[in-house]
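The values are calculated or read from the model by the stated rules, or taken from the named source; none is laboratory data. Note that the coordinates shown come from a computational prediction; the quantities given were computed from them, not determined experimentally. Because the Cβ atoms are built from the backbone with ideal geometry, glycine has one as well, and the counts that use them run over all protein chains shown. Accessible surface is based on the protein model in full, side chains and every heavy atom, while ligands, DNA and RNA are left aside. Shrake-Rupley method; radii C 1.70, N 1.55, O 1.52, S 1.80 Å.
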Amino acid sequence: MQNGKNSLRACALCQRTDAIHSHHVLGRVGPQKNEPYNLIDLCAECHGIWHTRRTPQMEYAVYKIMKARHGDLFPMWVNGKPYKTKWLIRAEGMDE
């Protein structure tokens with residue numbers, strides 16, 4: 001643990017509390033890039049998986065977490081379209 005803050009943070013996907021990264025859900029550009037509704041805590045392992053081989057289930061889990069936390073602030077509009085990636089489109093059959 002590098003600082004006291006890490007002890008309060010856990011990975012949103014696996015609940016690990018070590019090596020926590022702040023992941024930008026909707027990207028790292030624009031004035032809203034560091035707003036709470038664009039950040040989620042992921043451990044180093046889940047963060048690596050997210051960027052290399054995430055699954056529809058993983059992305060859907062993050063979507064559900066962000067929607068529960070931030071309501072109407074999420075999804076935001078990205079490039080003129082609501083946040084809905086190819087992963088979520090494939091996962092629409094999953095329970096809401």
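Looking only at residues in region 24-36 that are aliphatic (A, V, I, L, M) and surrounded by 14 or more Cβ atoms within 10 Å (Cβ to Cβ), the one that is modelled with the lowest pLDDT is Leu26. For first residues located in region 16-30 and more than 15 Å from Met58 (Cα to Cα), partners that are of a type in the set (Asp, Glu) and not in a loop (DSSP other than H, G, I, E, B) and lie 6+ apart or on another chain with Cβ distances below 6 Å form the pairs Ile20/Asp41. Across region 37-78, the number of residues qualifying as touching a residue at least 24 places away in the same chain (Cβ under 8 Å), open to solvent by less than 80 Å² (accessible area, probe 1.4 Å) and not in a loop (DSSP other than H, G, I, E, B) comes to 21.
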